[in-house]
Amino acid sequence: MNSFVKSIVDSYEEQLKSIRHHLHEHPELSFEEYQTAAYIRESLSKMGVAIADGFSGTSTVGVLMGSEPGPCIAFRADIDALPVEEDNDLPYKSKIPGVMHACGHDIHTATLLTFAQILSSRKELVKGTVKFIFQAAEEKLPGGAKTLCEEGVMKDVDYVFGLHCSSGFPLGTVAVTPGAYSAAIGIYEVTVHGKGGHGSSPNTALNPVPVACMVGNSLNQLMAEKKSPTESGVLTVSYINGGQYPNIIPGEVTLGGNIRTLDNTLIQKLFDCVGSVSRGICEGFGLTCDVSTTVGYPAAINVPEYIEVVRTVARDLDYTVYERPDALGGEDFAYYLLEKPGAFFQIGMADPERPITSTPHHNCHFQLDERGFRIGLEMELGLYLRMTGQM
């Protein structure tokens, strides 16, 4: 596999970089990726890759069918950028004020487009069906993956794979997580309703400030009580707003925060507790409250069997496999994994000799080592060949 895959990718490495540079210069925010979508669709059409109907917005699904039977395997790239002003001196620096590909989605998109080019030009490698999912809005709730899944993108898929470039791992590394790649995310807000009044006469008012503080302190204890000590998770009280003047008791106070767990069933239990604890405390002091909760992305749960395939392919390609620890970030690739088995993994693109390539994602100085781009392409091609029994 090693020499075969690498020889193919050798011919496409410069094209991969060129596509990435174009996308990096023309970033677009979540749900607004109109020019990006047009570029993707035009590119796929030129390759002879069919564009599937029935999907709304700026997401695009390319379909390539082989002449021989085989599984339907989907590969996904996210296409949106972030509201970040780029502060890099690069020839392909963002041309859009206040918008930047500061997370590497331009690399993901360029990789998948180049992968589509390889398979469309070497149809003898296509066994069954390949779906190329160019997904809008990974960075913004409710996420583009949710809509695609509701519209049936996974109904005929057998396996799904996705990758993410990373400044947290060195060049030549493929990072895998056998279980939960990312956390289930929940957002809550509690509005405590009291009765405003004069600071000199608190007995004539119902002060929501100390009650809201008690609610916040109590919510901070929930995670320790409700999750297993061996599991990862956080419940954060992130803000409390209400009142402006020392002699005015406000009529209401709002507090809120987020919940992150690696257990998709735990988050709803915690939401229920947020409601019951908040209402119970408020009722005890003669106040009321409104509680709102929103589930963001579910936890992305990798299937160990297909993480092992990723490991095998990475080692066959002479890359170091890094066992990535649990993390509580969010990733809407979770929606695909709720429907079909597969794996999501990371490609290390940090160069120890260039500290800028270790800059965190979502940062205005974000850069990665371009030598790592081909690794993602090799992994996608290698995974496809492995999953179709050609290697």
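The values are calculated or read from the model by the stated rules, or taken from the named source; none is laboratory data. Nothing here was measured: the structure is a model prediction, and the numbers come from that model. Please note: Cβ atoms are built from the backbone with ideal geometry, for glycine as well, and neighbour counts cover all protein chains shown. What goes into the accessible areas is simple: the full protein's heavy atoms, side chains included, and nothing from ligands, DNA or RNA. Shrake-Rupley method; radii C 1.70, N 1.55, O 1.52, S 1.80 Å.
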- Note on the structure: Per GNM of the chain with C-alpha springs under 10 angstrom, the most fluctuating residue out of THR230, THR261, THR359 is THR230
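Can you tally the net charge around LYS227? Count Lys and Arg as +1, Asp and Glu as -1, for every other residue whose Cβ sits under 12 Å from the Cβ of LYS227.
0
What percent does the relative contact order of the stretch 336-391 come to when contacts are Cα pairs within less than 8 Å and at least six residues apart?
Relative CO of the stretch 336-391 lands at 24 percent.
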- What is the stretch 71-197 by shape, rounded, prolate or oblate, if you read a ≥ b ≥ c off the alpha carbon gyration tensor as root eigenvalues and call it rounded for a/c under 1.5, prolate for a/b larger than b/c, and oblate otherwise? oblate
- Local net charge near ILE8, Cβ-Cβ under 13 Å (Lys/Arg +1, Asp/Glu -1): -2
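Report the far tail of the P(r) of the stretch 1-150, meaning the percent of Cα-Cα pairs longer than 26 Å.
The proportion of pairs with Cα distances above 26 Å equals 27 percent.
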- Over the alpha-carbon set of the stretch 122-261, divide Rg by the Kirkwood Rh and report the Rg/Rh ratio to two decimals. 1.19
- Sites ARG371 and CYS213 - FRET efficiency at Förster radius 45 Å, r taken between beta-carbons, to 0.05: 0.30
- Anchor LYS155: lysines whose Cα lies under 22 Å away (excluding residues fewer than 8 positions away in-chain): LYS127, LYS131, LYS146, LYS340
- Length gained, LEU29-LYS6, 0.36 nm per residue minus C-alpha separation, equals 4.9 nm
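May I ask you to derive the FRET efficiency for GLN221 and CYS364 from their Cβ-Cβ distance with R0 = 35 Å, giving the value to the nearest 0.05?
Once the sixth-power term is evaluated, E becomes 0.40.
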- Query: Of the accessible area of the chain, with the probe set at 1.4 angstrom, what percent is carbon plus sulfur?
  - Reply: 52
- So how far, in whole Å, is the C-alpha centre of the stretch 167-219 from the one of the stretch 1-56? 40
- Taking only Cα atoms and a 10 Å spring cutoff, compute GNM fluctuations for the chain and point out the largest among ASN220, ASN203, ASN363. ASN203
- Task: Let me have the relative contact order for the chain, percent, based on Cα pairs under 8 Å that are six or more residues apart.
- Result: 23
- Item | Whole-Å distance, taken between Cα centres, linking the stretch 149-164 and the stretch 245-302 | 33
- Query: Near LYS227, which aspartates and glutamates are there with a Cα under 19 Å away, not counting those fewer than 8 places off in the same chain?
  - Reply: ASP263, ASP272, ASP326
- Note on the structure: Taking the alpha-carbon centre of each part, the distance from the stretch 313-352 to the stretch 65-88 in Å is 14
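Set the Förster distance to 56 Å, then compute FRET efficiency between THR312 and ASP272 from the Cβ-Cβ distance, nearest 0.05.
About 0.85, to the nearest 0.05.
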- Message: To check you understand DSSP bridge types, tell me what percent of the beta bridges within the chain (both residues inside) are antiparallel, rounded to 5.
- Response: 60
- Query: Suppose every K and R has +1 on its Cβ and every D and E has -1 on its Cβ; what is the size of the dipole of the chain about the Cα centre, in Debye to the nearest 20?
  - Reply: 380
- Item | Most mobile listed residue (SER201, SER358, SER166) in the chain, GNM with C-alpha springs under 10 Å | SER201
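If each residue of separation counts as 0.36 nm, what is the full-extension length gain between LEU90 and THR254 once their alpha-carbon separation is subtracted?
Length gained, LEU90 through THR254: 54.7 nm.
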- Rounded, prolate or oblate: pick one for the stretch 249-332, where a ≥ b ≥ c are the square roots of the eigenvalues of its C-alpha gyration tensor, a/c under 1.5 means rounded, and failing that, prolate if a/b is larger than b/c, else oblate. prolate
- Item | Extension reserve of the GLU189-ALA50 stretch, reckoned as 0.36 nm per residue once the Cα distance is removed | 45.6 nm
- In this structure, among LYS93/LYS123; LYS17/LYS123; LYS6/LYS140, pairs with alpha-carbon gaps over 29 Å are LYS93/LYS123; LYS6/LYS140
- Message: If you split all Cα-Cα distances of the chain into 10 Å bins from zero, what percentages do you get per bin, shortest first?
- Response: 5, 21, 28, 21, 13, 8, 3, 1, 0
- Task: When a/c is below 1.5 the answer is rounded, else prolate if a/b is larger than b/c, else oblate, so apply that to the stretch 3-63 with a ≥ b ≥ c taken from the square roots of the Cα gyration tensor eigenvalues.
- Result: oblate
- State to the nearest 20 debye the size of the charge dipole of the stretch 1-89 about its Cα centre, where the only charges are +1 on K and R beta carbons and -1 on D and E beta carbons. 600
- Message: Given the -39500 (n - 2.57) contribution per DSSP H run of 4+ residues, what per-residue ellipticity at 222 nm results for the chain, rounded to the nearest 500 deg cm²/dmol?
- Response: -10500 deg cm²/dmol
- In the chain, taking the dipole from +1 charges on Lys and Arg beta carbons and -1 charges on Asp and Glu beta carbons about the Cα centre, the listed residue (GLY330, HIS24, GLY98) farthest towards the positive end is GLY330
